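Report on one structure; see the data block that follows.
The values are calculated or read from the model by the stated rules, or taken from the named source; none is laboratory data. Treat the numbers as computed from the prediction; the structure is a model and nothing was measured. Neighbour counts run over all protein chains shown; Cβ positions are idealised from the backbone, glycine included.
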Amino acid sequence: MKTAVSRRTFIKLGVTSVSGALLSESGTDARAMGTASVPPNLAPERSVKSYCPFCQVRCTYQAQIRDGKIVSLIGESGNRWTGGGMCPKCMSIVELVNSPRRITEPRLRTASGWQTISYAAAVDLVAEKLTAARAKHGPAVAQRLALTAPLWDCRESELAALMTLRLAGGVNVMHSGEVCISTASSMFSTLLGTGNSTTTVNQIVNAATVVLFGANISETYPPYSRWLDKARAAGVNILYVDCRKTQTSGFCSRQLMPLPGTDGVLALGAVKYFIDSGACDQDYVARTTTGFDTLTKDVAGYDPAKVASLTGLSPAEIEDFYRTLAASRRTIVWLGGSLSRYAGGSTTIRAIIAMQAVLNNLAGPGKGLLTMEGGKPEGEDEFIDHVCGPAPGSGVNFRRLLAAMKKDAVDVLFLNSSYRRYPDGNGVREALKSVGFVVHRGFFPTEELDVTHLFVPATFSPESQGSHYGAEKQVVWRDKCVDAPGSCVPDWQFYRDVGRKIAPDRYPKFDSPEELFELFRQTVPSWRGITLERLKASPDGVVWPAESEDAPERTGSLFPEDGRMLTANGRHDFAPKMLGPIVWSPPKGSPKGPDRDEKYPLILIQGKIVTQWQQTLTNFAASLAQFSSGRYVLLHPDTARGLGIGQGEEVLLETAFGSVEARAELAGTILPGVVFTPSHFAGSSPFPQTRSTPINDILPNYWDRVSAQFNGLGCTLKKRT
Amino acid sequence: MARYVMAVDTSRCMNCRACILACQQRNGLRYGYYRNWVRRTPDAGSPSGFAFQPGSCMQCENPPCVAACPTLATYKGKDGVVRVDKERCIGCGSCVSVCPYGARYRDPVLGVADKCDYCAPSRALGLEPACVQACATRARIFGDADDPNDPVAKILAVRKVTRVEPPEHSPKPTQVYLGETKPTDWPRTTALAAPLAMMHVVAGAVRWLGALSLFGVVGVFLKELVLPSGSGPRDPDKTA
């Protein structure tokens, strides 16, 4: 068949073809620029301000949202504390929010198993239980109700929950970190008059020396590594005290590796050295402290030889450490949470505070104490008392609450976080089964369901708006990013709805976190200048306190220039009567202590790793599990050789209270005779890489006056056959 | 045109792996598949006992992946970035097997090669590459090496750089390390496996046949230009 093409048609076709070829060539150029148009499946539709719900760094970010889902996060580069950096834990929120494993409807335990009920029915049931407990016990109900934090949400949710508990007549609140890391906060409060860091992190670049006392910043708070990096670049001498070499070691000029639980000995020896060598600032001590004579007696025995015998360090490196500190004009000590995790942690913290005080290193630029376990702005108690009336008594800590639960003396418990964060996990589980009614606010099918009567699903932080605070006492705001699935509701809504049922006339009226925030701001004078408008406009929030909008921002040292403390008399008492003398003793059950068991000659320590934050959340993220390979125990090759254990072999980690399976990881980065294992693996994890018997299941219920003991217990390792 | 380069300061890396997860989420990758990495190597001389070395596609000047690609799906742009045209990629894996750095993988669902392109789609929106943006210590520095005001150009002007490259037949990586980095001896030159090399020959033949066809089309084009099909004596029946 012959095809007829006219000259005009042919020329048209020719022009079209040549144009197409040219366009094709320009297309190659376009792609070669590496800026091809955004694929439709990647372009976000909108960006919403939010923050990470996990650690106290409180990273702020812009959530990138497409098709009603968060697809990625972009750190706020204008956040002066983080510089826009983030860590994997924060980014796991993208996956957790969208997880198909979430439980999205309330569940009630019945004789025939779990029954799905409506949110309204769940609220009614909780209100009935609270009302019935109050009717039965009258004022005695105060000790029969309890609530565990954190709530993983926002300040307004915490306030709503506290108001509900107060109006129900209860007083027992287990605050965040109360059981494991609150010793530092407690000692700061008692001795210095503040429960928080005495300065802000940006001051470390103004220090001559920074001592990281058990503070593994790079692993537990990665975004704050930028401050170590800045300090290093500024010529600050960064010293690290930790029995393990970690990622943090890379930022430090020197590391001391004392035996676990002996940090207090090192600090007591420092105080003695400063006094004996004349480095002590006698004028400052006379002006701002009391009890110096008692302190001098308390440290008298801690010469370098004794410190060496207890810490395992050499006298030479101890004296070198002391000389460096004595010569430093400005020193900041950054306290790790691990210091609070030994029985005797309060002694350690007291000794370190004294070490800073005698050299006049508590007040002023480039001086002070940092802890990641504080940061909470004040005003909460003031507000609750104002709105709900005074508390009908004092609350107890978890140790006493546990005893009450075992005696069937707790009627309603709001379990907002994992019970596996407490030592003696099995004992705690059994005690929880004695509680009349356990309401669990959670996300996933975890072990908490075993002890729960009513599960009411919570929202992840991007599913509701609200404020929060960080380690620098900065208050930040987040907007709602996405809708929550099913009947998941934020804590402020759940506790408000319960509160309205039990005290309709007294529970404050608010329909949003904004309204509650405003009520709080109007009530508490130190918050007046922290307006919603300022919070919403700022990439890193507003630092508390701010009595007015034009009040100068208070960062840096908390103490006035004359060095007075914030205590009632303006002084730091080295020897308050309520604490007694500073007497150091080994951790309970330590292989180095008088109560040692020869069958368990190794020292067990645990800690967070970079992919973990609490047991109920991060274990449910594949994005974090991909970086993990299950429970391991880190031990020195010399220790392993003595036990006949090879690299990567399967072992049983045993204490006198139980055992867990683990894989042996051998490295010279840990002190011989010490075994480290990560804290937060859980048995309910859907991923084998993060699934394990909780480590706290094999720890005893040991406490000091403030915190529980998680580290320092004797253990052993056995090859699995 | 910009010449994009990434410079990595390993002394600032703490192996938090934020860069890896940020890359996966920004680019919609599946967890367990990576466009970038942090190598963790025991190093007794390092304070932490380990050397951490972040990396990703080295955007080589002479990329073996480009040479190995039978369909020309992998190409090096004028901006220095090696990219994959996923429409052209047939998922043969040639590029994956010859990369000395293991910087590529085959997407298990899409069946095509995937690699770092310095977050090209989101850079078009004005964002930094995800790994750069998420890094708390700014261990990865990215920008236009030809712009003297760009941070990467400034730092390259004053810092010694180290290239991590195979001992033989270096593809000349453009991603560099500032100062020292460990280890430097891990990339390996890999020859293309025989079946994949054969595919290269077959693809060449197909392209040759394609060129021949094009030659025929051009011939017809010229013929029609000089003597159009309709230029002969008109059909009297159709001229009425």
- Message: If B:D79 satisfies all but one of (1) of a type outside the set (F, W, Y); (2) within 13 Å of chain A (Cβ to nearest Cβ); (3) within 28 Å of B:K182 (Cβ to Cβ), what's the number of the condition it fails?
- Response: (3)
- Of the numbered conditions (1) more than 15 Å from A:M174 (Cβ to Cβ); (2) in contact (Cβ under 8 Å) with a residue 40 or more places away in the chain, A:D381 fails exactly one; give the number of that condition. (2)
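Name the residue that is nearest to B:A130 (Cα to Cα), counting only residues in the range B:1-27 that are of a type in the set (S, T, N, Q) and part of a loop (DSSP other than H, G, I, E, B). Before the answer, list the steps.
Here is the first cut: in the range B:1-27, the residues of a type in the set (S, T, N, Q) are B:10-11, B:15, B:24-25, B:27.
Then keep just the ones that are part of a loop (DSSP other than H, G, I, E, B); that gives B:15, B:27.
Working: B:N15: 16, B:N27: 9 Å.
That would be B:N27.
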- Message: Taking the conditions exactly as written (in contact (Cβ under 8 Å) with a residue 40 or more places away in the chain and in a strand (DSSP E or B)), does A:A160 satisfy them or not?
- Response: no
- Task: Among the residues of the range A:529-574, write down those that are farther than 23 Å from A:I352 by Cβ and assigned to a strand (DSSP E or B).
- Result: A:V542, A:V543
- Only one residue in B:A2, B:A7, B:A44, B:A67 is hydrophobic (A, V, I, L, M, F, W, C) and over 24 Å from B:V84 (Cβ atoms). Which one? B:A44
- Message: Given the condition in a helix (DSSP H, G or I), among the hydrophobic types (A, V, I, L, M, F, W, C) and away from chain B (no Cβ under 14 Å), answer yes or no: does some residue in the range A:214-228 qualify?
- Response: no
- Query: When you go through (1) assigned to a helix (DSSP H, G or I); (2) over 24 Å from A:P594 (Cβ atoms); (3) in contact (Cβ under 8 Å) with a residue 24 or more places away in the chain one by one for A:K297, which number turns out not to apply?
  - Reply: (2)
- Query: Taking interchain pairs and intrachain pairs at least six residues apart, which have beta carbon atoms under 6 angstrom, with the first residue in the range A:48-75 and under 28 Å from A:G375 (Cα atoms) and within 12 Å of chain B (Cβ to nearest Cβ) and the second of a type in the set (S, T, N, Q) and part of a loop (DSSP other than H, G, I, E, B)?
  - Reply: A:C59/A:T82
- Item | Subset of the range B:121-139 [among the aliphatic types (A, V, I, L, M) and in contact with a Ser or Thr (Cβ under 6 Å, 6 or more places away or on another chain)] | B:A124, B:A136
- Item | Unique residue being modelled with pLDDT of 80 or more and either surrounded by fewer than 11 Cβ atoms within 10 Å (Cβ to Cβ) or of a type in the set (D, E) (or both) when the list is B:A157, B:A153, B:A145, B:A191 | B:A157
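When the range A:95-133 is examined, which residues are found to be closer than 30 Å to A:S394 by Cα, among the charged types (D, E, K, R) and touching a residue at least 40 places away in the same chain (Cβ under 8 Å)?
Just the residues of the range A:95-133 that are closer than 30 Å to A:S394 by Cα, to begin with: A:122-133.
Applying the additional criterion that residues be among the charged types (D, E, K, R) yields A:124, A:128-129.
Residues satisfying the conditions are A:D124, A:K129.
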- Among B:R40, B:R30, which is the only one that is of a type in the set (K, R), part of a strand (DSSP E or B) and more than 7 Å from chain A (Cβ to nearest Cβ)? B:R40
- Could you give me the residue pairs with C-beta distances under 7 Å whose first residue belongs to the range A:462-481 and is part of a loop (DSSP other than H, G, I, E, B), whose second residue is basic (K, R) and modelled with pLDDT of 95 or more wherever it lies, and which are 6+ apart or on separate chains? A:S464/A:K480; A:Q465/A:R478; A:Q465/A:K480; A:G470/A:R58; A:D479/A:K49
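Residues checked against (1) without any contact (Cβ under 8 Å) to a residue 24 or more places away in the chain; (2) within 24 Å of A:Q709 (Cβ to Cβ); (3) more than 14 Å from chain B (Cβ to nearest Cβ):
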residue: A:H572; (1), (2), (3): no, no, yes
residue: A:K588; (1), (2), (3): no, yes, yes
residue: A:P601; (1), (2), (3): no, yes, yes
residue: A:I605; (1), (2), (3): no, yes, yes
residue: A:Q612; (1), (2), (3): no, yes, no
residue: A:A621; (1), (2), (3): no, no, no
residue: A:A625; (1), (2), (3): no, no, no
residue: A:G630; (1), (2), (3): no, no, yes
- Task: Mind listing whichever residues of the range A:504-523 are hydrophobic (A, V, I, L, M, F, W, C) and crowded, with 20+ Cβ neighbours inside 10 Å?
- Result: A:L516, A:F517, A:F520
- Has the range A:307-318 got at least one residue that is within 14 Å of chain B (Cβ to nearest Cβ) and either in a helix (DSSP H, G or I) or at pLDDT below 95 (or both)? no
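Name the residue, out of B:E168, B:E224, that is without any contact (Cβ under 8 Å) to a residue 60 or more places away in the chain, surrounded by 14 or more Cβ atoms within 10 Å (Cβ to Cβ) and among the acidic types (D, E).
Numbers: B:E168 fails: surrounded by 14 or more Cβ atoms within 10 Å (Cβ to Cβ).
Selected residue: B:E224, the only one of B:E168, B:E224 that is without any contact (Cβ under 8 Å) to a residue 60 or more places away in the chain, surrounded by 14 or more Cβ atoms within 10 Å (Cβ to Cβ) and among the acidic types (D, E).
Quick check, is A:A326 small (G, A, S) and either within 16 Å of A:V211 (Cβ to Cβ) or not in a helix (DSSP H, G or I) (or both)? Walk me through it before giving the result.
Values: small (G, A, S): yes; either within 16 Å of A:V211 (Cβ to Cβ) or not in a helix (DSSP H, G or I) (or both): yes.
So A:A326 fits the description; yes.
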- Message: Being exposed (fewer than 15 other Cβ atoms within 10 Å of the Cβ), modelled with pLDDT of 85 or more and in contact with a strand residue (DSSP E or B) (Cβ under 9 Å, 6 or more places away or on another chain) is the requirement here; does B:E180 meet it?
- Response: yes
- Task: Evaluate the following for A:E654: is it within 23 Å of A:E447 (Cα to Cα), assigned to a strand (DSSP E or B), of a type outside the set (S, T, N, Q) and in contact (Cβ under 8 Å) with a residue 60 or more places away in the chain?
- Result: yes
- Taking the range A:460-491, which residues are under 16 Å from A:V123 (Cα atoms), within 24 Å of the chain's Cα centre (by Cα) and not hydrophobic (A, V, I, L, M, F, W, C)? A:P490, A:D491
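Considering the range B:60-114 alone, what residues qualify as being assigned to a helix (DSSP H, G or I) and polar (S, T, N, Q)?
First, pick out the residues of the range B:60-114 that are assigned to a helix (DSSP H, G or I): B:64-68, B:94-98.
Hits for the range B:60-114 are B:S94, B:S97.
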- Note on the structure: Taking the range A:334-346 and keeping only residues that are modelled with pLDDT of 95 or more and more than 20 Å from A:C55 (Cβ to Cβ), one is left with none
- Taking only the range A:115-130 into account, find how many residues are in contact with a strand residue (DSSP E or B) (Cβ under 7 Å, 6 or more places away or on another chain) and part of a helix (DSSP H, G or I). 6
- In the list B:R163, B:R88, B:R83, B:R138, which residue meets the criterion of being of a type in the set (D, E, K, R), surrounded by fewer than 19 Cβ atoms within 10 Å (Cβ to Cβ) and touching a Gly at 6+ places or on another chain (Cβ under 8 Å)? B:R138
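Please determine whether any residue of the range A:334-355 is outside any strand (DSSP E or B), farther than 30 Å from A:G673 by Cβ and out of contact with any Gly (no Cβ under 6 Å at 6 or more places or on another chain).
If we filter the range A:334-355 for residues that are outside any strand (DSSP E or B), which is where we start, we get A:336-355.
Subset that is farther than 30 Å from A:G673 by Cβ: none.
No, the conditions are met nowhere in the range A:334-355.
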- Query: Out of all the residues in the range A:146-157, which are under 19 Å from A:V435 (Cα atoms) and either in a helix (DSSP H, G or I) or in contact with a helix residue (DSSP H, G or I) (Cβ under 6 Å, 6 or more places away or on another chain) (or both)?
  - Reply: A:A146, A:L147
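Residue-by-condition table, conditions (1) within 14 Å of chain A (Cβ to nearest Cβ); (2) touching a helix residue (DSSP H, G or I) at 6+ places or on another chain (Cβ under 9 Å):
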residue	(1), (2)
B:P100	no, yes
B:V109	yes, no
B:K115	yes, yes
B:A124	yes, no
B:P148	no, yes
B:V164	no, no
B:E180	yes, yes
B:W186	no, no
B:L196	no, yes
